[in-house]
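K.L.:
Below is a structure I'd like to ask you about.
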Amino acid sequence: MKTPKRLQSLLAEGLIDSVVRQLMSGKEATVYVVRCGDDTRCAKVYKEATQRSFRQAVDYTENRKVKNTRQARAMAKGSRFGREMQEAAWQSAEVDALYRLAAAGVRVPRPHNFHDGVLLMELVADAEGNAAPRLNDVLFTPEQAVEHHATLLIEVMRMLCAGVVHGDLSEFNILMGADGPVIIDLPQAVDAAGNNHAARMLGRDVDNLRDFFGRFAPELLHTEYGHEIWDLYQRGLLQPEVALTGRFERKAGPVDVGSVMSEIDDARAEEAARRLRLQPAQ
Ligand SMILES: Nc1ncnc2c1ncn2[C@@H]1O[C@H](COP(=O)(O)OP(=O)(O)O)[C@@H](O)[C@H]1O
Ligand SMILES: [Mg+2]
């Protein structure tokens, strides 16, 4: 096909040899299949900020690291330079997360390059070598659903052990590759330790997995892995291979009946004192 404008500089730089076809045009990016020597890869071209949807919300960008204070001030003021910096931070967040997660052994597309707002990465393929389908486009037996759900929970824990919460994990951002599920689409990934919304986002990611696979294996619908995983993480006990129960006890420990009784006694005494004060002076 004719080389799209945003890919021309990659062609000129010799990073790609030709563009095979457009794969997808999603909410945030357009994805192309490209040839690089003997390899077929995937080029993700980010849309301009104005054409994107919700994900630059404050939840996601909170505590995102910038390189210097001039950048931080400009971003806070929302100046043009600030918006450009924010844009660059947003786009490079995905490539940063891919390198970090690949190093942690999470099954994500292998990143090759990031150039001019374009991410070059491994094309996740099915058994025939075609671009892999999204989970949403695949049907599963109950056994397969249980198996993939378990595999993906381990991936979520591996990500969390590497300090990352995906933040938009769902059947639309997981591909069914020839050797199993592959997690994609990470520009909104958040820092687990530094973001106040990380716990909620992790919970939502895990619930999305439960709800999707629960359509094929309804017994999954009663599980509560999100709370359990976050609780282990907070207590420093999380490891990717840790055995989970799928249940979560909200009580922190045995109830201390004595201290509850003395709370009640205190409240009663306070109320008696208040009534005394209210009595008209005699
Ligand atoms: N590495 C990849 N290999 C194969 N297909 C991909 C790859 N990355 C993205 N895609 C395809 O492009 C679509 C959009 O990519 P995604 O990263 O989810 O961006 P968006 O932000 O637009 O949702 C995906 O749903 C998937 O079908
Ligand atoms: Mg997506």
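The values are calculated or read from the model by the stated rules, or taken from the named source; none is laboratory data. What you see is a predicted model; the values in this text were computed from it and never measured. Methodologically, a virtual Cβ is constructed for each residue, glycine included, from the backbone with ideal geometry; neighbour enumeration extends over all protein chains shown. For accessibility, only protein heavy atoms count, side chains too; no ligands or nucleic acids. Shrake-Rupley method; radii C 1.70, N 1.55, O 1.52, S 1.80 Å.
K.L.:
Name the single residue, out of those in segment 33-55 being modelled with pLDDT under 65 and out of contact with any Asp or Glu (no Cβ under 9 Å at 6 or more places or on another chain), that is farthest from ligand 1 (Cβ to nearest atom).
P.N.:
Going through the qualifying residues, I end up with Thr50.
K.L.:
Of all residues being in a helix (DSSP H, G or I) and open to solvent by 30 Å² or more (accessible area, probe 1.4 Å) in segment 102-137, which is farthest from ligand 1 (Cβ to nearest atom)? Just the residue, please.
P.N.:
The qualifying residue farthest from ligand 1 (Cβ to nearest atom) is Ala103.
K.L.:
Condition first: more than 16 Å from ligand 1 (Cβ to nearest atom) and outside any strand (DSSP E or B). Now tell me which residues in segment 16-32 satisfy that. It would help to see each step written out before you state the result.
P.N.:
First pass over segment 16-32, keeping only residues more than 16 Å from ligand 1 (Cβ to nearest atom): 17-18.
Answer for segment 16-32, where residues must be more than 16 Å from ligand 1 (Cβ to nearest atom) and outside any strand (DSSP E or B): just Asp17.
K.L.:
Now a separate question. So, of the residues in segment 166-182 that are more than 10 Å from ligand 1 (Cβ to nearest atom) and in a strand (DSSP E or B), which turns out to be nearest to Val31 (Cα to Cα)?
P.N.:
Ranking the qualifying residues of segment 166-182, first place goes to Met176.
K.L.:
Being assigned to a helix (DSSP H, G or I) and in contact (Cβ under 8 Å) with a residue 40 or more places away in the chain is the filter; apply it to segment 4-15 and report the residue that is most open to solvent (accessible area, probe 1.4 Å).
P.N.:
Selected residue: Arg6.
K.L.:
Also: Restricting the search to segment 184-216, which residues are within 12 Å of Asp168 (Cβ to Cβ), acidic (Asp, Glu) and assigned to a helix (DSSP H, G or I)?
P.N.:
Across segment 184-216, the qualifying residue is only Asp205.
K.L.:
Also, quick follow-up: Would you check if Tyr99 is in a helix (DSSP H, G or I), among the aromatic types (Phe, Trp, Tyr) and modelled with pLDDT of 75 or more?
P.N.:
The answer is yes for Tyr99.
K.L.:
Restricting to segment 181-194, what's the tally of residues that are open to solvent by 10 Å² or more (accessible area, probe 1.4 Å) and more than 16 Å from ligand 2 (Cβ to nearest atom)?
P.N.:
Of the residues in that region, 3 qualify.
K.L.:
Cβ-Cβ below 7 Å, separation at least six or inter-chain, first residue in segment 102-113 and within 15 Å of Leu169 (Cα to Cα) and at pLDDT below 95, second in a loop (DSSP other than H, G, I, E, B) and open to solvent by less than 40 Å² (accessible area, probe 1.4 Å): which pairs?
P.N.:
none
K.L.:
While we're on this one: Is it the case that Lys27 is closer than 16 Å to Gln188 by Cα, modelled with pLDDT under 85 and surrounded by fewer than 14 Cβ atoms within 10 Å (Cβ to Cβ)?
P.N.:
The answer is yes for Lys27.
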